Amino acid sequence: NAATNLYVYYGNPNATNAAALVEMPPTGPFTRSLVNPVQPIGDSANGQNLLAENIVYDDVTAHYWMVVANYRDSGGVGLLWSDMPTNAASWHWFGNIYNNPGQGPGSFAPCLVKSNNSWYVFFSDWSGAYQDPHSIVACTASSITGPYSAPTPVLSPAPGTWEGWRVDEPYVFQRDDGKWIMIYMGDPTGGSGLPTERVGYAYADNVMGPYTKFEGNPVIDFGPPGSVDAGTIADPFVYESGGVYYIGYAASATQEPPWQTAYVTTTDWQTFTKKGVMLPLNGSGWDSVNSFRGAITRVNDTYIRSYTGGQFQIGIATQPVFQNIVNNPDAVFDFYDGFDGTDLDRYKWSVSTGSPVVSDGFLLLQADNSFFSWITSQQAFGMDYVMEVFGGHPQSAIPDMDMELGFNDGIFGNVIRMTDYYPMSDGTKF
């Protein structure tokens, strides 16, 4: 083979025509619509207690449709439609396509799927008593608006296991090898106490099954104490890009809200790598309480992220599919922060203690009354990573005053750290 010369140019902030736009995966940052939350046209309740799930396009009605969990009207599965899905103000309320026949909420976390000119809606059946085991069921129709058939069970909990009480929050899609994948949340708690939610998946040759559970479930398990997903892993959804499957899920450091969206990646559905936060809480906005559930769909050259925020209202966020990566270190490094702007990037960091101030390309972490003040990467790392940082403590020569950088498995678990000069009060130094 003839030799190939590669020339690398860098460091010119005014570079033009140096690279074409590059297709990027839908991992954020997403831009939230300025008119969030969605208040569907024709909905007298203005979108209250509607939880966003996935968006699909129907070529018969020529509309985009969002399926939602309806936590009012005795519960059920509802639909919204739009012809401009990126515009949060363009969504219309259609109504329920499934109504709860019992006393409970009736249906949790629906997912809408089309296969062979038929429509299927999958959800967890809560029509019985709260303490009863809850299975995933499916209804089918020839039209997206119904009428839909009675629910048929497609996946049941396994007593005495990580999913002993309920299987819930399904997301169903056909993988590129033709297999149907149902990724879902499992919970063993039996209806008492706080939920213990983790994620697994099942596979089938047909959309209605029978589904076989993956023997390595749960495939997304809790992170170490203090991490972004140490207490909650739920509400999964999937998007494939370039042979990589991006799995978003609701995450919390505890078993309670606030919930934000983290994600993992996989290429073989055997190994799953945690990557960090995809949609963080939104500062002081209406969705500062929650940013979770929903899914991702691509419309032309825009990724649309439906999600649930606040006290259960719908939000719309977007990301360009094609981006210019010239002088964009985020597109080169697995983790980078130049501390541009005036606010800490919550896609990248969580604050444990202290008050972060960003200005002129620097982060100042102001201490509070804790012995340590620190921020933690939202992204997890395994072996074979190198870290580089420029930083220091203005009082590093004073005992017990130092800046530290390192890898930490939980709060002072397995630690590799470097300091800028750490004299201890007993005279020893690091």
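Descending by average beta-carbon neighbour count within 10 Å, the peptides 391-400, 248-257 line up as 248-257, 391-400, the highest first. Within the shell of other residues whose beta carbon sits under 11 angstrom from the beta carbon of residue 184, the net charge comes to -3, with Lys and Arg scored +1 and Asp and Glu -1.
The mean accessible area for residues of the chain, using a 1.4 Å probe and ignoring ligands and nucleic acids, is 50 Å² per residue. Largest GNM mean-square fluctuation among 315, 95, 231, using the chain with Cα springs under 10 Å: 95. Local charge for residue 60 was computed over the other residues whose Cβ lies under 15 Å away, with Lys and Arg +1 and Asp and Glu -1, and equals -2.
Using the structure shown, select from 179/274; 114/348; 213/274; 114/179; 213/275 the pairs with a Cα to Cα distance greater than 26 angstrom. All intermediate terms of the calculation are to be shown ahead of the outcome.
Working: 179/274 24 Å; 114/348 35 Å; 213/274 21 Å; 114/179 15 Å; 213/275 24 Å.
The answer is 114/348.
Note on residue 116/residue 397: beta-carbon distance plugged into 1/(1 + (r/R0)^6) with R0 of 45 Å gives a FRET efficiency of 0.05. For region 123-214, the share of accessible area belonging to carbon and sulfur comes to 52 percent (1.4 Å probe, ligands and nucleic acids excluded). Here the Karplus relation 6.51 cos²θ - 1.76 cosθ + 1.60, evaluated at θ = phi - 60°, turns the backbone of region 133-141 into coupling constants of x, 10, 9, 8, 10, 9, 10, 10, 7 Hz, with x for every Gly and Pro. Largest GNM mean-square fluctuation across 195, 280, 236, computed for the chain with C-alpha springs under 10 Å, falls on 195. How far is the Cα center of region 40-77 from the Cα center of region 290-365, in Å? Their Cα centres are 26 Å away from one another. Size descriptors for the chain, from the alpha-carbon set: Rg then Dmax equal 23.5, 78 Å. If one computes the Cα centroid of region 367-409 and of region 146-216, what distance in Å separates the two points? Cα centroid of region 367-409 versus Cα centroid of region 146-216: 40 Å apart. For 24, 401, 66, the ranking by accessible surface with the largest value first comes to 401, 24, 66, using a 1.4 Å probe. Highest-first packing order for the peptide set 213-224, 373-384 is 213-224, 373-384, based on the mean count of other beta carbon atoms within 10 Å.
Each distinct pair of alpha carbons in region 107-245 adds a 1/r term; the inverse of their mean, the Kirkwood radius, is 15.6 Å.
Once you have the Kirkwood Rh of region 274-369 from its Cα pairs, apply Stokes-Einstein at 25 °C and 0.890 mPa s and quote D in µm²/s. The partial results should precede the final answer.
Working: Rh = 15.6 Å.
Estimated via Stokes-Einstein, D reaches 158 µm²/s.
Rolling a 1.4 Å probe over the protein heavy atoms leaves residue 208 with an accessible area of roughly 70 Å².
The values are calculated or read from the model by the stated rules, or taken from the named source; none is laboratory data. Here the structure is a predicted model, which is why all the values come from computation and not from measurement. Note: ideal-geometry Cβ built from the backbone for every residue, glycine included; neighbour counts use all protein chains shown. With ligands, DNA and RNA removed, areas are computed over all heavy atoms of the protein, side chains included. Shrake-Rupley method; radii C 1.70, N 1.55, O 1.52, S 1.80 Å.
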